Amino acid sequence: MLPRLRPPFSLGELLFAVVSRNQRAEKIFERKFAEKFGFPCGLFFSYGRSALYALLKVFGWQDEVILVPAYTCAVVPHAIVISGNRVRFMDCELDHFNVSSASLTSSLDESIKMVIPTPLFGYPVDRKGYEKSILTKTPQAFILYDVAHSFGVQDHEGLQTDHADGALFGLGIGKVITTLYGGMLLLRDEKLCKEVIAYRDRGFLKPGPMEIIKKFAYGVATWVAFREPLFSLVDYLERNTTLLYHFTDYYYGKSGPTLPTNFDRRPTQFQSRLGLLQLDSYDRIIEIRRQNSLRYEKKLREAGFFLFSSIFTPTYSHFPLVVKNRKKAVAVLREYGIQVGYLVDYSCPDLPGYEEHHGKCPNSYWFAQRMINLPNWPGVGTNQISHICNIMEKCLENYSDLFYLEPFKLNSIR
Ligand SMILES: *Cc1c(COP(=O)(O)O)cnc(C)c1O
């Protein structure tokens, strides 16, 4: 009855990807991906952070300042710091995990070389406000949208990345579509694209045959781990032991700015073939996530929960909700059989290695302690969503101290 995680790909897809002999898969994957999201060219890397690192290296920058949200995946500031540049963090809004244009404006000055607007969880940012402010304060800055958690994010004028110089997509496990590990960099300027390709050809190692075996094994392990009874075991191990440290906290580098040792390896053709299959499912996946999430929107709003506002229907890589006591909320919902997750549970300026920024982004810190997400992936059916909403309502009655309600007045709470 209750929703379980589903493997992000079928075993059939995985097997097909590994046995197929299409050696041009990477080029085709890059081209189709770029076409899908409205860019002339795409570059597939083994991680999203590798793509950002390579781009910064191609620019040849040292000690330059790059503007990023405080509430984002730690791998973004890590790649910037390790490339030899500096980050400036923007705090998110009082009542939203995204950065407002006012916050962006106050962080901008002529020293900024790159801005990384980051719509999270498929929720659009104030693109118009961002563009206006960048145009007046730093028209020369490179605009790289980080849409790793916001594939296809839109506003009334179309894709939010439509005027960007570049866009970064994450393709690791847990993203909307996945190539096991991976990141895609889309670029507007074809000359720049050629330069990044040349840099990648020079600096990044070709994957060896062992790499295919390792990745395939990881794919099979992932597929198995997402199925019961193993999923519960993996979930238990992750929350209660350090056995999976290598795949979780280490993966994001929560203990300081690092990049994985294999960050400068090229991905395998097998991953590109998997990516092509995933790209075929993309529209369907987004549509289901959207439908599921809109059901939550309706029912939970009626029940009085505070939900995040959006200027346009999000693509909902996740369905985010903010709770007063996350540990307790997760435990209570689990008692009712509902697994809720949380993914960015830190604020980057407060991580080790960013001491000079500690305490400077209080809103982001606040959200990092309180965000959860409800199951909205394909495989969660309409009945299950209704069931979860009923349970949420029941929890609201029995544990009224756990949730935030409308109207949401953070100013008075903090
Ligand atoms: C996943 C993610 C990335 C890229 O992560 P990699 O693990 O390096 O592929 C970048 N930004 C955000 C917001 C992400 O969630």
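The values are calculated or read from the model by the stated rules, or taken from the named source; none is laboratory data. Model, not experiment: these values are computed from the prediction. Cβ coordinates were reconstructed from backbone atoms using ideal geometry, including for glycine residues, and neighbour counts include every protein chain displayed. To get the accessible areas, we keep the full protein, side chains included, count just its heavy atoms, and leave off ligands, DNA and RNA. Shrake-Rupley method; radii C 1.70, N 1.55, O 1.52, S 1.80 Å.
Using the structure shown, decide if residue 308 is in contact with a Phe, Trp or Tyr (Cβ under 7 Å, 6 or more places away or on another chain), assigned to a loop (DSSP other than H, G, I, E, B) and under 30 Å from residue 37 (Cβ atoms). The answer is yes for residue 308.
Close Cβ contacts (under 6 Å, 6 or more residues apart or on different chains) running from residues in the stretch 40-69 that are within 21 Å of residue 269 (Cα to Cα) and open to solvent by 10 Å² or more (accessible area, probe 1.4 Å) to residues that are assigned to a strand (DSSP E or B) and within 9 Å of the ligand (Cβ to nearest atom) comprise 47/183; 48/168; 48/170; 48/183.
In summary, residue 159 fulfils each of the numbered conditions (1) closer than 23 Å to residue 44 by Cβ; (2) open to solvent by 10 Å² or more (accessible area, probe 1.4 Å); (3) in contact with a strand residue (DSSP E or B) (Cβ under 8 Å, 6 or more places away or on another chain); (4) away from the ligand (no atom under 11 Å from the Cβ) with the single exception of condition (3). Tell me, yes or no, whether the stretch 347-361 has at least one residue that is under 25 Å from residue 98 (Cα atoms), open to solvent by less than 30 Å² (accessible area, probe 1.4 Å) and in contact with a Leu (Cβ under 8 Å, 6 or more places away or on another chain). Checked against the condition, which is being under 25 Å from residue 98 (Cα atoms), open to solvent by less than 30 Å² (accessible area, probe 1.4 Å) and in contact with a Leu (Cβ under 8 Å, 6 or more places away or on another chain), the stretch 347-361 yields no hits at all. Which one of these is farther than 20 Å from residue 39 by Cβ, away from the ligand (no atom under 16 Å from the Cβ), touching a Lys or Arg at 6+ places or on another chain (Cβ under 6 Å) and of a type in the set (A, V, I, L, M, F, W, C): 180, 205? Answer to the check: 205. Taking the stretch 181-191 as the range and being surrounded by fewer than 24 Cβ atoms within 10 Å (Cβ to Cβ), of a type outside the set (Asp, Glu) and assigned to a loop (DSSP other than H, G, I, E, B) as the test, only 188 passes. Starting from residues that are part of a helix (DSSP H, G or I) and in contact (Cβ under 8 Å) with a residue 12 or more places away in the chain, keep the ones in the stretch 129-143 and report whichever is surrounded by the most Cβ atoms within 10 Å (Cβ to Cβ). Applying the filter and picking the extreme gives 130.
Might you let me know whether the stretch 271-287 holds any residue that is assigned to a loop (DSSP other than H, G, I, E, B) and out of contact with any strand residue (DSSP E or B) (no Cβ under 9 Å at 6 or more places or on another chain)? No, every residue in the stretch 271-287 fails to be assigned to a loop (DSSP other than H, G, I, E, B) and out of contact with any strand residue (DSSP E or B) (no Cβ under 9 Å at 6 or more places or on another chain). Does any residue of the stretch 100-109 turn out to be within 16 Å of the ligand (Cβ to nearest atom) and out of contact with any helix residue (DSSP H, G or I) (no Cβ under 6 Å at 6 or more places or on another chain)? No. Show me the helices (runs of 4 or more DSSP H) found entirely inside the stretch 4-74 where at least 3 residues are more than 16 Å from the ligand (Cβ to nearest atom). Qualifying helices (runs of 4 or more DSSP H): 11-19, 25-36. Beta carbons closer than 9 Å, at least 6 apart along the sequence or on distinct chains, pair a first residue in the stretch 172-193 that is closer than 16 Å to residue 264 by Cα and among the aromatic types (Phe, Trp, Tyr) with a second that is near the ligand (Cβ under 9 Å from one of its atoms) and open to solvent by 10 Å² or more (accessible area, probe 1.4 Å) for 181/47; 181/260. Restricting the first member to the stretch 92-114 and to residues that are in a loop (DSSP other than H, G, I, E, B), and the second to residues that are open to solvent by 20 Å² or more (accessible area, probe 1.4 Å) and among the basic types (Lys, Arg), the beta-carbon pairs closer than 6 Å and six or more apart or on different chains are 108/137. Filtering 146, 162, 155, 189 for residues that are more than 20 Å from the chain's Cα centre (by Cα) and not small (Gly, Ala, Ser) leaves a single hit, 189.
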